[in-house]
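Student: Let me give you the structure first, and then I'll get to my questions.
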Amino acid sequence: MIIRHRFLALTAVALATTLAATDAQARIFSRKPDQTPATAASASVAEEIQRSLDESRYVDAGSMLDRATVAGLSSPHLTLLSGELFLARGRYAEALKGFEAAGRTPSERPRALQGKGLILSLQGKSDEALPVLEQAVQADKGLWRAWNAIGREYDMRRNWERAEQAYGVALAAPDAKIAVVLNNRGYSRLLQGRLDEASADLVRALESDPSLRLARTNLRLTLAARGDYSRAAAGGIGDDRAAILNNIGLSAALRGDYGQAETLLNQAMAARGEYYARASQNLELSRGLKARDAGKGEADAPR
């Protein structure tokens, strides 16, 4: 009975939240033209759309953008938000059109540049992405997503000092998603072999957002890089155990712990219950690295 009551309470909370969002939209779109100037109405709609984007309620954001179009509301900021929605949905060509259109307005140019830079980075166009992202933060130093992406770009260039600086600025931004930035900085520090600092960042990321699976994966990799395979392999509800074991097995191989690597990768294939191509490839890689090291040892031995 207690469980039923809790379920009903949670349902009521969820319903109240949905109704609140619906009521907010209704108030905006029910205003008559002579009640509110178009610019004020556009600003109200934009505020609700931005809130939906921040909360990853993309269906709500799309619905409000469609209703704004039908209501004849338009502004460069609404165009920018349309680009943000397309970006969140992975529709990069449409997002880019929105950012380019919005960027013709000076007040929207910094975020438009940020959006364009993020798209180029996600598309792997690193040489084009970095200068655009740097233009964005020159125009507005508070754009944490641009700084975060700059950090990733410098990681790919192994320019650790510049990456560290970028992540630091991103973390200082007032609206930054701390867990996202800490995860990326933690992974950067993992790549550098700064394992204690990487672990600290990733633990803090999970404390800030326990649902951030990428941070959990990166923490496992960090533990594996330290040789702490049992903690790295500890799973939770809903975890893909085969993938976890595969990742840890690869980490073991890369640190030269070939016996553990073979054990973990065989466990990964067994956990999958069917052919697991990635684990099989990593097992071959581990055996190849082992043979290479053995050959090198023989060549270096005194004769």
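Bear in mind that the values in this text are calculations on the coordinates, not laboratory data. Just so you know, these numbers come straight off a predicted model, no measurement behind them. All Cβ positions, even for glycine, are placed from backbone atoms using ideal geometry, and neighbour counts span all protein chains on display.
Student: What lysines sit close enough to K125 to cross-link, taking a C-alpha to C-alpha distance under 18 Å and skipping anything fewer than 8 places away on the same chain?
Tutor: K97, K116
Student: If the chain between A200 and R226 were fully stretched, how many nm would it gain, using 0.36 nm times the residue separation less the Cα-Cα distance?
Tutor: Answer, rounded to one decimal: 8.0 nm.
Student: Taking 0.36 nm per residue of separation and subtracting the Cα-Cα distance, what length does fully extending Y58 through I178 add?
Tutor: Residue separation times 0.36 nm, minus the Cα-Cα distance, leaves 41.1 nm.
Student: For the stretch 43-109, run through the trypsin sites (Lys or Arg not before Pro) and keep only the ones in DSSP coil with at most 11 other Cβ atoms within 10 Å of their Cβ.
Tutor: Hits after loop and neighbour filter: R104.
Student: Would you work out the charge dipole size for the stretch 167-275 about its Cα centre, treating the Cβ of every Lys and Arg as +1 and the Cβ of every Asp and Glu as -1, and quote it to the nearest 20 debye?
Tutor: Dipole of the stretch 167-275, to the nearest 20 debye: 100 debye.
Student: Can you pull out the GluC sites (Glu not before Pro) in the stretch 195-303 that DSSP calls coil and that have at most 14 other Cβ atoms within 10 Å?
Tutor: Answer by residue number: E274.
Student: Let me ask something else about it. Taking every pair of alpha-carbon atoms in the stretch 52-110, what share in percent sits in each 5 Å bin, from 0 to the bin with the longest distance?
Tutor: Here the calculated profile for the stretch 52-110 is 4, 21, 28, 26, 18, 3.
Student: Report the local net charge at D155: Lys and Arg +1, Asp and Glu -1, summed over other residues whose C-beta lies under 13 Å from its C-beta.
Tutor: Its environment carries a net charge of +4.
Student: Of all GluC sites (Glu not before Pro) in the stretch 62-150, which ones are in loop regions per DSSP and have a Cβ with at most 15 other Cβ atoms within 10 Å?
Tutor: none
Student: In whole Hz and in residue order, list the ³J(HN,Hα) couplings for the stretch 145-154 that follow from phi through the Karplus curve 6.51 cos²θ - 1.76 cosθ + 1.60, θ = phi - 60°; x for Gly and Pro.
Tutor: Result, rounded to whole Hz: 5, 5, 4, 4, 5, 4, x, 5, 4, 6.
Student: Continuing with the same structure: Among the aspartates and glutamates, select those whose C-alpha is under 18 Å from the C-alpha of K177, and discard any that sit fewer than 8 residues away in the same chain.
Tutor: Leaving aside aspartates and glutamates fewer than 8 places away in the same chain, those within reach of K177 are D54, E55, E84, D140, E164, D201, E207, D209.
Student: Using Stokes-Einstein with the Kirkwood hydrodynamic radius over Cα pairs, what translational diffusion coefficient do you get for the stretch 237-293 at 10 °C and a viscosity of 1.306 mPa s, in µm²/s rounded to a whole number?
Tutor: Estimated diffusion coefficient is 146 µm²/s.
Student: Could you tell me the distance between the Cα centroids of the stretch 205-249 and the stretch 62-90, to the nearest Å?
Tutor: 38 Å
Student: Can I ask one more? From the phi of every residue in the stretch 212-227, what ³J(HN,Hα) in whole Hz does the Karplus formula 6.51 cos²θ - 1.76 cosθ + 1.60 yield, where θ is phi - 60° and glycine or proline is x?
Tutor: Whole-Hz 3J(HN,Hα) from phi for the stretch 212-227: 7, 5, 4, 5, 5, 4, 5, 5, 4, 4, 5, 4, 5, 5, 8, x.
Student: Per residue and in cubic angstrom, what volume does the convex hull of the Cα atoms of the stretch 177-226 have?
Tutor: Spelled out: Cα convex hull of the stretch 177-226, divided by residues, is 51 Å³.
Student: Rounded to the nearest 0.05, what FRET efficiency is calculated for A71 and Q281 with R0 set to 41 Å and r the Cβ-Cβ distance?
Tutor: That pair, A71 with Q281, gives E of 0.15.
Student: Exposure proxy check: L289, L73 ranked by fewest other beta carbons within 10 Å?
Tutor: Fewest-to-most ranking of L289, L73: L289, L73.
Student: Give me the one-decimal nm value for the distance between modelled label points at R89 and E161, 7 Å along each residue's Cα-to-Cβ direction.
Tutor: Going from the R89 label point to the E161 one covers 4.5 nm.
Student: Please find the FRET efficiency linking K97 to L122, where r is the Cβ-Cβ separation and R0 is fixed at 25 Å, and quote it to the nearest 0.05.
Tutor: That pair, K97 with L122, gives E of 0.95.
Student: Right, something else. Using Cβ contacts closer than 10 Å as the measure, can you line up L85, L285 from fewest to most?
Tutor: L285, L85
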